[in-house]
Amino acid sequence: MKRKTLVGSLLKIIKNTFRRENATPKKILCTVTILVSSLISLLGFFSTVFSFYIGDEPVRILLGIVAVLFSFLLYYSLVKAKKTKESIGLLVFTVFVFFLAYALPMIPPKYGLEQFQMNASLLKFMIVSVALVIVGVLGASFTMKPLYNFTSRANQASAYFILTFALLLILYPLAIIIVNISINGIGGFSIDFFTKDVIKHGAEGGVNHAIIGTFIIIFGTGAIALTLGVASAVYLIEYAKTGPIVRIIRIAIDILQGIPSIVFGLFGLAVFVPIFGISILSGILVMGFMTLPIVIRASEEALLCVPKSVREGSYALGATKWQTIRRVVLPPALPGIITGAVLGLGRAAGETAPLMFTAAIFYSKIPVSIFDPVQTLSYHLLQLTRWIGAYPVDQNAWATALLLIGFVLGMNAIAIIIREKFRVEF
Amino acid sequence: MRMLLSRKLKEAVIKNIFFIAAAFSVFIIFFIFYYLFQQAFPAFQNQGFAIFGTTWNSDTGHYGIGAAIYGSIIVTVGAMIIAIPLGLAGAIFLSELAPPYLRTLLKPIIELLAGIPSIVFGFIGIILLVGYLHLTFDMLSGYSYLAGSLILGVMAIPIIVSMSDDAMKAVPRDLKEASLAVGATQWQTIKKVIIPTSISGISAGVIMGIGRAIGETMAVSLVLGNIMKIPIPPWNIFESKVTTVTSFIVTEMGESSGIQTKALFASAVILFVIVAVMSIVSNILKEHVQKKFKGG
């Protein structure tokens, strides 16, 4: 299937327009309309998220331009192309844009929702910005119709425009999070931040103990999840593939994967804390159980990648099943297993809910045994977040958030490197 | 002869060790359910059906978690209104539209969104989102169902995208090519062939997304006011004195005692049951997809 992105097809439209023999008035008109509409939708989007309003007059001018362009398009499709039925949408849209441009100053600065007993109101800039987004997206997608002579390709082009816009919407929060945390967090990185423990409720000092605690939790969790997980996967793939018991086990793994982290936390609180106290051991047991399904899934996939012929070759030489698994099947599957485990542990490193009742405390010493409580980066960030406003902890909170994201990303990067470097091809 | 016997014995022992490890997951599930239920039982006994009621008042001894369940539903529905259209659009873009280089670039980026810890989402929610909503909607505080829905929606998108993408990628090539061969455009193929064939995989992804949204704790607890109340009117998404099941457990657990703690465990049991049912349904749908394309 030939793939086209919207950017690619837009470029093509523009290129064709400026080639002299192709530059029909219709194409120029459509290209200009699409560009103006895209501009308007982006403008509307950014004024929504950055809470600014460019003022009545500029918006009216922009809307006016769109409305005039659309009047030409309407003329083309009604008179030249004679597509009466298909033009109804265009007509309604044009009238709507004209009306919007006309009625803009009449929108009150604030539309209170008190009449619906809600303590909120829709501000004018919000209404106008959202309207701009809608006008822009609809405008661009309507323009595709005359451009492609009202064929099914026109529908395709307008659908793709909307899809691309949706993708930008998905990427936007990610960009906001990464950019904000990087900019605000990097200033908090100092030698003290990495080498000292919390001072004054986290307003000064650093996260040294939290870093150590996070590593301890990750290694403990990894030990439990890898031992149990690899063994489970070996049983499921090598020994028994079907049957009612295997089915039950698989259902259990599925359920385990879906259980919310807070439920694990309460489970740890009810079972392990009465025995081991708030301690590393309680924490890693809970976290180990939580990471287990991810490790099992990854190990299963890695084991399945080892072809059957390799195992049969080993049996033919007289090796037992266990020898085959240990010497022949596991070694090539190991990179895949480790990759999955590291990915799972990366997820575990950011978890807060299962640890907050079972292992984590805010002021901690460096633990000496597995029965001591620890501090982790995620719990540290939770405490700082709760203290924002009460103590000057903002700088350290941003830095901790950056460190935490860096930690998780670092784990993912390690996983990818392991996968690429030690990949075994059959 | 004896050597052979001991070798067989060893093999049998090893097999059983592996079996025990594999069965451990089942034990954990039973353990979790048993202990949570054991903790929650006094609350069920004490409150009866009032546990689903909407009054939470330690003075009168009423511990109904109905308002929190209502909150969970509202916040999740709001999150899905955001996440399902965007997630589906993202999945279609990734699996059908994006050229290979864009796909290899975008897929890890969207998975990155899934990897951001929930506490970071909560932190960003408190610092940026709540203030933004406060200004934009002229609200009292900005802490609201709306903030929770926005955050959960963003968190659920990557799950829906990656599972729907997998489902659409699994649609056999000949189906697509047959559709294109009879003259359908690419978009018609997506609409009429790819989405209908992969609908069970897509729904599995959506259910997983809902499961994550219901179970998500830290992010949502930070942007709600955490008072056990149904707002007036019930659809008031701007009210701050509201809570969800997970968020209420996290905020109350530290300060509760006696039957109140038991009631929190009871809400965890309810949560467990809901999520377990959802993951079973999701996996049945996924298996259905696999069977469909293996057989055909």
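Considering only alpha-carbon pairs that sit under 8 angstrom and 6 or more positions apart, the relative contact order computed for chain A is 16 percent. Of all aspartates and glutamates in the structure, the ones whose alpha carbon falls short of 20 Å from that of B:Lys10, not counting any fewer than 8 places away in one chain, are A:Glu238. Extending 7 Å from Cα along the Cβ direction at B:Asn46 and again at B:Leu180 yields two label points whose distance is 6.5 nm. With a Förster radius of 35 Å applied to the beta-carbon distance between A:Ile88 and B:Ser141, the computed FRET efficiency rounds to 0.15.
Going by alpha carbons, how many degrees (0 to 90, nearest 10) lie between the helix axis of A:6-18 and the longest principal axis of chain A? Once rounded, one gets 30 degrees. Between A:Leu171, A:Leu381, A:Leu404, the residue with the greatest mean-square fluctuation in the GNM of chain A (Cα pairs under 10 Å linked by springs) is A:Leu171. Seen against the Cα atoms of chain A and their longest principal axis, helix A:87-103 is set at about 90 degrees.
As an exercise, use a Förster radius of 35 Å and the Cβ-Cβ distance of B:His288 and A:Leu171 to find the FRET efficiency, rounded to the nearest 0.05. Provide the component values of the computation, followed by the final result.
Working: r = 32 Å, r/R0 = 0.90.
With a Förster radius of 35 Å, E is 0.65.
Counting 0.36 nm for each residue step from B:Tyr34 to B:Lys191 and taking away their Cα separation leaves a gain of 51.9 nm. Cα-based radius of gyration for the protein assembly as shown, normalised by 2.2 N^0.38 Å, reads 1.06.
So how strong a dipole does chain A carry about its Cα centre when Lys and Arg Cβ are +1 and Asp and Glu Cβ are -1, to the nearest 20 debye? Don't skip to the end; give the middle numbers.
Working: 35 positive and 18 negative charges, 436 e Å.
Computed about the Cα centre, the dipole is about 2100 debye.
Put simply, the C-alpha atoms of chain A give a gyration tensor, and the ellipsoid matching it has half-axes of 55, 34, 19 Å, longest first.
Only helical runs count toward this figure. For chain B, summing -39,500 (n - 2.57) over DSSP H runs of n ≥ 4 and dividing by all residues gives -24000 deg cm²/dmol at 222 nm. Counting only Cβ charges, +1 for Lys and Arg and -1 for Asp and Glu, the dipole size of chain B around its Cα centre is about 1400 debye. Given the options B:Ile20, B:Ile69, B:Ile109, which has the most mean-square fluctuation in a GNM of chain B, springs set between C-alpha atoms less than 10 angstrom apart? Highest fluctuation among the options: B:Ile20. Share of pairwise Cα-Cα distances greater than 21 Å in segment B:67-295 is 60 percent (whole percent).
Which whole-number percent gives the relative contact order of segment A:88-218, counting Cα pairs below 8 Å spaced six or more residues apart? Mind showing how you got there, number by number?
Values: 75 pairs, mean separation 13.9, N = 131.
Relative CO of segment A:88-218 lands at 11 percent.
How high is the relative contact order of segment B:67-295, in percent, with contacts defined as C-alpha pairs under 8 Å that are six or more residues apart? Result for segment B:67-295 is 29 percent. Once the Cα-Cα distance is subtracted from the 0.36 nm per residue extended length, the A:Tyr75 to A:Tyr239 segment shows a gain of 51.7 nm.
Send over the semi-axes of segment B:123-219's equivalent ellipsoid, whole angstrom and largest first, taken as the square roots of 5 times the C-alpha gyration tensor eigenvalues.
On the way: eigenvalues 303, 46, 15 Å².
Those come to 39, 15, 9 Å.
Over 30 Å between C-alpha atoms is what I'm after, so list which of A:Lys421/B:Lys8; B:Lys241/B:Lys262; A:Lys26/B:Lys107; A:Lys124/B:Lys107; B:Lys15/B:Lys169 land there. Those over the limit are A:Lys421/B:Lys8; A:Lys26/B:Lys107; A:Lys124/B:Lys107; B:Lys15/B:Lys169. A Cα-only calculation for segment A:6-184 places Rg and Dmax at 18.2, 62 Å.
Relative to the longest principal axis of the Cα atoms of chain A, helix A:330-349 runs at roughly 70 degrees.
Compactness of segment A:215-300 was expressed as the Cα radius of gyration divided by 2.2 N^0.38 Å, which yields 1.15.
Assuming 0.36 nm per residue, please report the length gained on full extension of the stretch B:Trp235 to B:His62 beyond their Cα-Cα distance. Please list the in-between numbers first.
On the way: separation 173, 0.36 × 173 = 62.28 nm, distance 2.42 nm.
Roughly 59.9 nm would be gained on extension.
Distance between the C-alpha centres of segment B:13-70 and segment A:71-91: 63 Å, rounded to the whole angstrom. Could you let me know the centre-to-centre spacing of segment A:216-292 and segment B:257-278, using Cα atoms, in angstrom? Using only Cα atoms, the two centres lie 20 Å from each other. Of the chymotrypsin sites (Phe, Trp or Tyr not before Pro) found in segment A:316-367, those that fall in a DSSP loop while having at most 13 other beta-carbon atoms within 10 Å are A:Tyr363.
Only the coordinates and a few stated rules stand behind these numbers; no lab work does. Since we're looking at a predicted model, the values are computed, not measured. Here Cβ is always computed from backbone atoms with ideal geometry, including for glycine, and neighbour counts include all displayed protein chains.
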